[in-house]
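Scroll down for the structure; my scribbles are underneath it.
The values are calculated or read from the model by the stated rules, or taken from the named source; none is laboratory data. Owing to the predicted nature of the structure, the values given are computational and were not obtained by experimental measurement. Every residue, glycine among them, receives a Cβ derived from its backbone with ideal geometry; neighbour counts consider all protein chains shown. Only protein heavy atoms, including side chains, enter the accessible area calculation; ligands, DNA and RNA are left aside. Shrake-Rupley method; radii C 1.70, N 1.55, O 1.52, S 1.80 Å.
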Amino acid sequence: ALAEPVWSAAPPIGGFVQQRPDEGAAPTESTEVRVAYDDAALYVGARLYDSAPDSIRVRLARRDVDAGSDGLVVYLDPYRDRRTGFYFGVNAAGVLYDGTLLNDDWDDDSWDGVWDARVRRDPGGMTVEMRIPFSQLRFRRDDHHVWGINFRRVIARRNEEDLLVFRPRSSNGFVSRFPDLVGLDGFDPPRRLAVAPYATGRAEYERHPAGDPFHDGSRYLSKYGADLKVGLGSSLTLDATVNPDFGQVEVDPAVVNLSDVETFYPEKRPFFLEGDNVFRFGNNGASNYWNFNWWEPLFFYTRRIGRAPSGSLPTNEFADVPLGTTILGAAKLTGMLPGRWSMGTVHALTRKETADLARGGSRWSAEVEPLSYYGVFRAQRPFRDGRQGLGFMSTLTARDFAQGPLQDEMNRASAVAGVDGWTFLDPGKVWVVSGYAAATRAQGTRQRMIALQRGAQHYYQRPDAGYLGVDSAATSLDGYVARLWLNKEKGSVFANAALGLQSPGFDVNDLGYFGFGDVINGHAGAGYKWVKPDRVKRYADWGGAYFRKQNFGGVKTGEGVATFAYVEFNNFHWLNAFAAYNPPWINDRQTRGGPLMRSPAGGEANLSLGTDSRKPWRLGLDCGGGRYRRDSQLYWNVSPSLTWRPGANVALSLGPSYRHSKDGAQYVGTYQDALAAATYGQRYVFARLEQTEVAAGVRLDWTFTPRLSLQVYAQPLISAGDYRDFGELRRPKSYAFLRYGEEGSTFDPATGTADPDGPSGPAAPIEIGNPDFNFKSLRGSTVLRWEYLPGSTVFLVWTQSRSASEPSGALDFGRSLGELAQLRGENIFLVKLSYWWSL
């Protein structure tokens with residue numbers, strides 16, 4: 001190994017230093033790395049000496065999975081902007097892992113390059129050879145290239161990481177510390193052209209109601225398409241797709257969401273994952289962005305593209321609705337513009353979708369999603385070796401409605417424009433100010449704008465919010481957001497402060513994701529790091545913060561103090577703790593568009609811990625709870641975890657969880673009644689809710705070779721909610737309720753009917769019904785992945801789901817498991833073949 005003449009001619013690179021476990025100490029084993037190149041690729045050869053080669057940890061895993069194995073990582077900063085770059089790693093079993101570097105301190109493993117590496121073990125230790133094609137990198141055309149480079153060696157049995165240049169735990173900044181790689185002369189960025197055609201076959205076996213004219217329980221589909229990657233000039237890459245396959249390999253977990261904010265699901269589609277860090281907006285410059293009671297908006301939420309059709313359906317007996325909106329085409333351009341401006345832009349067009357409906361022997365079609373365009377542009381530039389930075393971002397969503405009701409259900413167009421940046425305040429890069437500001441506009445019909453103003457993100461109809469009000473003549477809604485942070489980046493003492501505001505009309509949900517606006521929020525916090533090991537610990541930190549928020553009407557809607565701590569012990573176990581206390585505050589969202597409501601004081605705490613990741617058995621625990629006065633809220637949860645590696649290529653993990661909560665004021669509904677003068681002509685009905693939820697995540701990873709793996713995942717979930725003691729809010733800004741069945745009011749539990757003043761009173765009865773629920777679900781997937789050539793893969797996928805629900809608040813664990821076992825599962829079988837063809 002490393003016997004070729006090129007390696008003997010290349011000068012060795014040594015002088016590694018421990019980053020962990022003993023920061024700054026000499027490595028326990030020596031390492032030598034050599035770098036060579038030709039017109040097509042960069043080559044890295046490394047001799048990893050080891051005094052006990054039989055103790056080298058060799059573990060197989062899927063690509064990009066850290067299996068706790070020995071290995072080597074190469075870091076590159078080809079643009080030499082001291083903020084971004086790539087990393088390429090290989091472990092002792094030959095498993096590849098790679099990704100991108102961003103914001104000087106962070107990394108992202110969503111990018112998969114097409115490159116190769118070989119590992120050999122011998123009596124002296126281990127050798128590594130890597131070939132990294134220039135086509136996988138981005139760099140400028142130059143006569144004399146100067147790149148940043150760094151190396152990391154992992155010695156797993158000692159939990160040791162040795163780097164050429166490391167980042168101290170008392171400081172920040174990683175890419176900016178890379179030494180220069182010089183002598184790369186005589187080559188230009190190569191022509192980059194690759195085509196990846198694919199074919200899929202899909203068989204679906206799902207349950208459908210008897211008499212359904214659109215489904216007989218089975219369906220067979222096939223699809224063909226291609227992805228195209230083209231280098232434009234020396235620094236830009238165009239990714240385009242024709243008839244794209246944006247299906248997911250992994251299933252989303254089941255959730256029970258009783259809030260007024262939609263559930264967030266992470267992106268899993270490779271086209272959108274690759275290079276997504278280019279579109280990160282707002283959080284750049286600092287290494288940490290604390291948020292207390294601040295909902296950080298996501299300006300580009302790629303799962304909006306190709307989402308499930310969201311249009312309402314006319315009255316029907318049977319419906320055949322597409323699971324997702326067809327993406328007719330998508331293109332992404334990323335890279336570096338002249339003047340060191342990094343940029344990225346995505347454009348996608350989705351098809352008009354219709355649902356087939358049937359009722360009483362008649363069939364017809366209805367539009368459920370219009371033809372839609374989605375576009376985003378992002379640019380950013382660092383100045384003065386990363387001491388300052390400036391960026392811009394804009395998004396646009398436009399829909400072409402046919403005549404029909406959809407134009408009153410969705411925005412016709414929406415746009416976002418923002419600027420972000422950072423600046424260090426001192427030559428030592430100790431203090432940094434960073435932030436962003438953005439403006440939004442949504443347009444549509446008057447009916448659509450009324451619905452948008454009244455929706456959960458805005459609640460303009462709140463009767464005691466004098467600064468708001470629904471404008472029935474509006475055809476657009478405008479808003480803005482701004483956030484500013486101050487961070488201390490170096491030293492044992494750390495500090496973090498922020499101030500932000502989201503206006504009532506702020507809305508990015510056509511192509512982004514956020515919870516709600518009308519918030520002015522700030523916090524200030526500090527802490528201390530113990531970076532020198534002692535007899536008990538290797539590292540520890542402790543901190544605290546004060547936070548407060550209010551709405552644009554000046555009402556305090558949140559306040560609290562928090563403390564947190566982290567300890568890594570000498571045996572490599574770790575512990576993380578958090579606690580907070582919240583004084584009484586006024587909640588402007590509890591009534592879901594109604595008047596203000598008081599929230600009693602209380603506190604919460606959380607503790608998580610884990611054991612040494614090197615061991616075959618790894619244990620973890622996450623537990624917490626909270627209690628708020630006047631029985632307003634009480635909850636506790638516990639989530640143990642276990643990972644077992646019975647062999648070098650098999651890992652089994654189990655993560656059960658249990659949560660029990662009691663909410664003294666769970667929102668049930670709003671009922672109009674002019675006699676409810678104290679609450680503005682509406683009765684806001686709440687109940688005490690006792691909810692119990694049991695879930696688990698079970699995963700088996702079986703890796704046969706570095707390119708062939710099997711993964712099995714299952715997630716059972718059982719959740720039951722028992723509503724009782726229904727009542728209505730007595731008056732605004734209170735936590736006082738008229739419980740039905742008291743003070744002359746009545747409640748019939750058999751029918752779920754309440755009468756606020758009894759049968760003889762003038763108030764009309766309220767039909768509440770029975771909101772109790774008992775939901776049980778089992779979702780799972782089996783994925784066989786074979787990368788038969790670099791960049792070319794075969795997927796065999798089986799997913800199954802089964803679920804049922806009933807209006808009962810009692811949780812019977814054994815009975816629910818039995819029902820899940822007896823339910824007929826819905827099965828999907830998928831085969832996908834892709835081929836990477838580099839031209």
Practice item. Six or more apart or on different chains, Cβ under 8 Å: which pairs go from a residue in segment 800-824 that's under 15 Å from residue 693 (Cβ atoms) to one that's acidic (Asp, Glu) and open to solvent by 40 Å² or more (accessible area, probe 1.4 Å)? Could you list them? Key: 809/690
Practice item. Report, by residue number, each residue of segment 556-576 that is open to solvent by 40 Å² or more (accessible area, probe 1.4 Å) and more than 29 Å from residue 520 (Cβ to Cβ). Key: 566, 569, 570, 571, 573, 574, 575, 576
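Residues being part of a strand (DSSP E or B), hydrophobic (A, V, I, L, M, F, W, C) and closer than 30 Å to residue 40 by Cα: count how many of those fall in segment 796-839.
Pass one, segment 796-839, residues part of a strand (DSSP E or B): 796-806, 826-834, 837-838.
Within this subset, residues satisfying the condition of being hydrophobic (A, V, I, L, M, F, W, C) are 796-798, 804, 828-831, 833, 837.
Now narrow it down to the ones that are closer than 30 Å to residue 40 by Cα: 833, 837.
So the answer is 2.
I'd like the residue in segment 673-712 that is basic (Lys, Arg) and buried (at least 18 other Cβ atoms within 10 Å of the Cβ) and, out of all such residues, is nearest to residue 788 (Cα to Cα). Break it down stepwise before answering.
The initial filter retains those residues of segment 673-712 that are basic (Lys, Arg), namely 683, 688, 699, 707.
Now drop any that are not buried (at least 18 other Cβ atoms within 10 Å of the Cβ), which leaves 683, 688, 707.
On the way: 683: 64, 688: 57, 707: 7 Å.
Ranking the qualifying residues of segment 673-712, first place goes to 707.
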Exercise for review: State yes or no: is residue 101 within 30 Å of residue 700 (Cα to Cα), assigned to a loop (DSSP other than H, G, I, E, B), open to solvent by less than 40 Å² (accessible area, probe 1.4 Å) and in contact with a strand residue (DSSP E or B) (Cβ under 9 Å, 6 or more places away or on another chain)?
Suggested key: no
**Study point:** Which numbered condition residue 613 fails, given (1) in a loop (DSSP other than H, G, I, E, B); (2) out of contact with any Gly (no Cβ under 8 Å at 6 or more places or on another chain)
**Key:** (2)
Check your understanding: In segment 277-292, what count of residues is obtained for those that are closer than 11 Å to residue 378 by Cα and open to solvent by 20 Å² or more (accessible area, probe 1.4 Å)?
Key -> 3
Practice item. Sort out which residues of segment 127-155 are among the charged types (D, E, K, R) and either assigned to a strand (DSSP E or B) or open to solvent by 40 Å² or more (accessible area, probe 1.4 Å) (or both), and write them in order of number. Key: 129, 131, 140, 141, 142, 143, 152, 153
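Would segment 4-12 turn up any residue that is in contact with a Leu (Cβ under 7 Å, 6 or more places away or on another chain) and farther than 30 Å from residue 530 by Cα? Outline the logic, then answer.
As a first pass, look at segment 4-12 and keep what is in contact with a Leu (Cβ under 7 Å, 6 or more places away or on another chain): none.
Scanning segment 4-12, I find no residue that is in contact with a Leu (Cβ under 7 Å, 6 or more places away or on another chain) and farther than 30 Å from residue 530 by Cα, so the answer is no.
Applying the selection to segment 731-750, what residues are part of a loop (DSSP other than H, G, I, E, B) and either among the hydrophobic types (A, V, I, L, M, F, W, C) or open to solvent by 30 Å² or more (accessible area, probe 1.4 Å) (or both)?
Our first condition is that a residue be part of a loop (DSSP other than H, G, I, E, B); within segment 731-750, this holds for 731-736, 740-745, 749-750.
Once the filter is applied, which keeps residues that are part of a loop (DSSP other than H, G, I, E, B) and either among the hydrophobic types (A, V, I, L, M, F, W, C) or open to solvent by 30 Å² or more (accessible area, probe 1.4 Å) (or both), segment 731-750 yields 731, 732, 733, 736, 741, 742, 743, 744, 749, 750.
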Check your understanding: How about segment 620-663: which of its residues are buried (at least 16 other Cβ atoms within 10 Å of the Cβ) and acidic (Asp, Glu)?
Key -> 622, 663
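Among residues belonging to segment 293-307 that are open to solvent by 50 Å² or more (accessible area, probe 1.4 Å) and under 15 Å from the mean Cα position of the chain (by Cα), point out the one that is farthest from residue 771 (Cα to Cα).
Just the residues of segment 293-307 that are open to solvent by 50 Å² or more (accessible area, probe 1.4 Å), to begin with: 293, 295, 298, 307.
From the residues that got through so far, the ones that are under 15 Å from the mean Cα position of the chain (by Cα) too are 295, 298.
On the way: 295: 29, 298: 33 Å.
Within segment 293-307, the match that is farthest from residue 771 (Cα to Cα) is 298.
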Revision key, fill the gap. Contact list, first residue from segment 577-606 and at negative phi and crowded, with 17+ Cβ neighbours inside 10 Å, second anywhere and outside any strand (DSSP E or B) and β-branched (Val, Ile, Thr), beta-carbon distance below 8 Å, six or more apart or interchain, is 586/555; 588/555; 594/679; 595/679; 596/555; 597/591
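Right, residue 779: closer than 30 Å to residue 812 by Cβ and either of a type outside the set (D, E, K, R) or without any contact (Cβ under 8 Å) to a residue 60 or more places away in the chain (or both) or not? Full working, then the answer.
Numbers: closer than 30 Å to residue 812 by Cβ: yes; either of a type outside the set (D, E, K, R) or without any contact (Cβ under 8 Å) to a residue 60 or more places away in the chain (or both): no.
It is false that residue 779 is closer than 30 Å to residue 812 by Cβ and either of a type outside the set (D, E, K, R) or without any contact (Cβ under 8 Å) to a residue 60 or more places away in the chain (or both).
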Practice item. Could you identify the single residue in 324, 335 that is at pLDDT below 90 and outside any loop (DSSP other than H, G, I, E, B)? Key: 335
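Just to be sure, is residue 118 in contact (Cβ under 8 Å) with a residue 24 or more places away in the chain, over 29 Å from the mean Cα position of the chain (by Cα) and more than 29 Å from residue 569 (Cβ to Cβ)? Steps first, answer last, please.
Numbers: in contact (Cβ under 8 Å) with a residue 24 or more places away in the chain: yes; over 29 Å from the mean Cα position of the chain (by Cα): yes; more than 29 Å from residue 569 (Cβ to Cβ): yes.
Criteria met by residue 118.
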Review point. Is one or more of the residues making up segment 528-542 surrounded by fewer than 16 Cβ atoms within 10 Å (Cβ to Cβ) and among the small types (Gly, Ala, Ser)?
Key: no
Point to revise | Residue check, residue 348 at pLDDT 85 or above, more than 28 Å from residue 791 (Cβ to Cβ) and either open to solvent by less than 20 Å² (accessible area, probe 1.4 Å) or not in a loop (DSSP other than H, G, I, E, B) (or both) | key: no
Practice item. Sort out which residues of segment 361-396 are in a loop (DSSP other than H, G, I, E, B) and either open to solvent by less than 60 Å² (accessible area, probe 1.4 Å) or under 30 Å from residue 420 (Cα atoms) (or both), and write them in order of number. Key: 370, 384, 385, 386, 387
